[in-house]
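Scroll down for the structure; my scribbles are underneath it.
The values are calculated or read from the model by the stated rules, or taken from the named source; none is laboratory data. None of these values were measured; they are calculated from a predicted model. We place every Cβ from the backbone using ideal geometry, glycine too, and count neighbours over all the protein chains shown.
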């Protein structure tokens, strides 16, 4: 793709524009009138100074350094922490001092009132959420929807920093010179693709291969392609990388492709313990296979996941849609780690070499690939860019150009203004005035004159001018930032509500119906908001809400961060990992779609499995809720009440992202449960406290190590909160499988080690003996679970963590959803209609 000439905005100009506009989002300072009462300071002096006197006070806290002035953010947060510790009874420590009830009644209400008053003053002047820019994925999705293209643009941007799991918190976002440059690159890539598609004729690409074309291996030739066997293209189970690559599928250009393959299994392993059901339906033997894309050469070893299927002796047809970069090819191969694998020599496979070793394989009967455009064909892109302007085909340039030969400059400028105005209203997500778009129109007019002065044709000059105007729009802070406007009371206007709702549920700009509702004032009442929420969740864009929200909330974005040691987890493979993600996504979607009580999040008597994941978990004779054996698709499965599975904490995806790949840590998992499920923020340990490393030999259990670690009172104060959930999950190993014993290294091999002890005592003194008992305790505390989900949703929706002043709103949401037993969808609706969501 090429840039049209003369269309570049200087980095200096863009930087100046962003700095000027970003000034609107700077934090406003309070007027110095907020402070906590003197009685609060006296309370600290009376009860805390013995342990926190001077810079060397316990935990680094110095009472003398605390001021009653809470104008600054640091001072405000200090007082919030003090309030919370006192309210929870953690400070002063009960073993050191017992507070009189009168003291608490004097300290807590007055301090809380001061903190709430300070928050109200700050929000009147600055709002709750400062200006936040689009995240990498939001920017990609917005440009795709705006320009009707499908290029994966996020890969062109620098990685984002996550805070509390989220990448889009306004107060942690930065804007550097490097990020500005990457934004320009992204905008250029998007516009290049859009204008190429709008002005060039359609370039369809497809292949339709029979087995002879799929296989590329002559009997005398050793390579890694499928081999032709009895008229079918066959790949056998083997550990050789890139074995099963199909070089004839190498794509000529990057794009979205639909891949349709018909395949069957060869020599599939027998299905053990699979008696027929009441309907005389049993699961046929099968071979799990992966479909991936890549360059499939040693210099480029990374492969892109497309999908998996379970081939059986009867041929089946499977279809996928995936973005495939230019030069990549398809690889289809057996991918089940439990299958026997053939051994090959010299890095290549000879004809019949694997078959002679009696291993399973996959036979391909037919393969079809075609380039598709999921969002729109070229006609739709052309209409988005040129509106109703007529285009004609230029035989010399072999592209479509605008028909403007008969237009004078004034008519050209009028056409540019109309098109830029229509485009800017979509890009800025609200109506634009003539005054607002005038700078972009003038920029385009200047480009028009410069292009003509360089001798370019009028048609080419018009395209360059229009593209320059669009580029300027897409480099505006009004596009890059979620500009939210509110009245004096802090209530967001209708367009801001539409944008906030759309980016919350769809991760992109509002669609036509949502824009229409904003224009007609249809986003004011809870009923109207509920209708739009329910509608958006049924759209293709809204169906990805659960996946994208859980990726950040539950850290599922880190699923690839660790790779389990194959010596310890021999049956873990990429098929299992993707089935784990599907289990969690389908489970959460089921809770949301059916408004099920929040306790189901922790203690459910069902989950979602396919045959491969059920076998990995060790669930015998798995059937879906209709009684049919599981196959490729992830299906709802009923569980016995004594099952170790059921609920989020038993999902392999969660257990994998909370482990280090080879071992588990109650500390890591306990902190995760506290912060992600219970809504308890855990402070980082003091700098002088060393981390607890597991004994990889297994001679000492993690419980024994932590017992010594917690002999320090400052350590025990925090560990008592997160150790219970951490130990409750110890029966699950780093790969998500159940274990009754630890592994112990003896010589060069692992043997059965000590028994796993999952028992512990909660902070409130409640004891549990097993994971099942802990899960029940957690599920019974549904108010806490509901408050946490509401808080996580509000954080994700607004781009700001729950603050002290938001706590009454969260409590209100919990009360509102009591009648539905805190139904998951009811919580979502209460979040959308809450004051925190609808205010600046």
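Numbers below:
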read-out	value
Odd one out for residue 228, checked against (1) free of Cβ contacts under 8 Å to residues at least 24 places away in the same chain; (2) loosely packed, with under 15 Cβ neighbours inside 10 Å; (3) not in a loop (DSSP other than H, G, I, E, B)	(2)
Entirely in region 402-475, the helices (runs of 4 or more DSSP H) that have 1 or more residues that are within 33 Å of the chain's Cα centre (by Cα) and in the same structural domain as residue 184 (by TED's automatic domain parsing)	409-427, 458-474
Flag if residue 604 is under 19 Å from the mean Cα position of the chain (by Cα) and at pLDDT 95 or above	no
Failed criterion for residue 38 (all others in (1) at pLDDT 65 or above; (2) surrounded by 12 or more Cβ atoms within 10 Å (Cβ to Cβ) hold)	(2)
Every residue from region 592-601 that is in a helix (DSSP H, G or I) and in contact with a helix residue (DSSP H, G or I) (Cβ under 7 Å, 6 or more places away or on another chain)	592, 598, 599, 600, 601
Residue in region 328-357 that is surrounded by the fewest Cβ atoms within 10 Å (Cβ to Cβ), counting only those that are modelled with pLDDT of 95 or more and within 30 Å of residue 205 (Cβ to Cβ)	329
Boolean, residue 757 is under 29 Å from residue 569 (Cα atoms) and surrounded by fewer than 17 Cβ atoms within 10 Å (Cβ to Cβ)	yes
Residue match in region 439-449 (condition: surrounded by fewer than 20 Cβ atoms within 10 Å (Cβ to Cβ) and farther than 17 Å from residue 423 by Cα)	yes
Single match in 220, 210 (criterion: at pLDDT 95 or above and under 30 Å from residue 350 (Cβ atoms))	210
Residue match in region 358-365 (condition: touching a helix residue (DSSP H, G or I) at 6+ places or on another chain (Cβ under 8 Å), under 20 Å from residue 233 (Cβ atoms) and surrounded by fewer than 19 Cβ atoms within 10 Å (Cβ to Cβ))	yes
Residue check, residue 141 touching a residue at least 24 places away in the same chain (Cβ under 8 Å), out of contact with any strand residue (DSSP E or B) (no Cβ under 8 Å at 6 or more places or on another chain), part of a helix (DSSP H, G or I) and not assigned by TED's automatic domain parsing to the domain that holds residue 799	yes
Filtered residues of region 366-379 (kept if touching a helix residue (DSSP H, G or I) at 6+ places or on another chain (Cβ under 7 Å) and either free of Cβ contacts under 8 Å to residues at least 12 places away in the same chain or surrounded by fewer than 18 Cβ atoms within 10 Å (Cβ to Cβ) (or both))	375
Residues that are touching a helix residue (DSSP H, G or I) at 6+ places or on another chain (Cβ under 6 Å) and either on the phi > 0 side of the Ramachandran plot or not assigned by TED's automatic domain parsing to the domain that holds residue 382 (or both), drawn from region 144-178	148, 165
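Yes or no, residue by residue, for (1) in contact with a strand residue (DSSP E or B) (Cβ under 9 Å, 6 or more places away or on another chain); (2) modelled with pLDDT of 75 or more; (3) farther than 16 Å from residue 119 by Cα; (4) not in a helix (DSSP H, G or I):
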{"position": "75", "(1), (2), (3), (4)": "yes, yes, no, no"}
{"position": "78", "(1), (2), (3), (4)": "no, yes, no, no"}
{"position": "82", "(1), (2), (3), (4)": "no, yes, yes, no"}
{"position": "91", "(1), (2), (3), (4)": "no, no, yes, yes"}
{"position": "94", "(1), (2), (3), (4)": "no, no, yes, yes"}
{"position": "99", "(1), (2), (3), (4)": "no, no, yes, yes"}
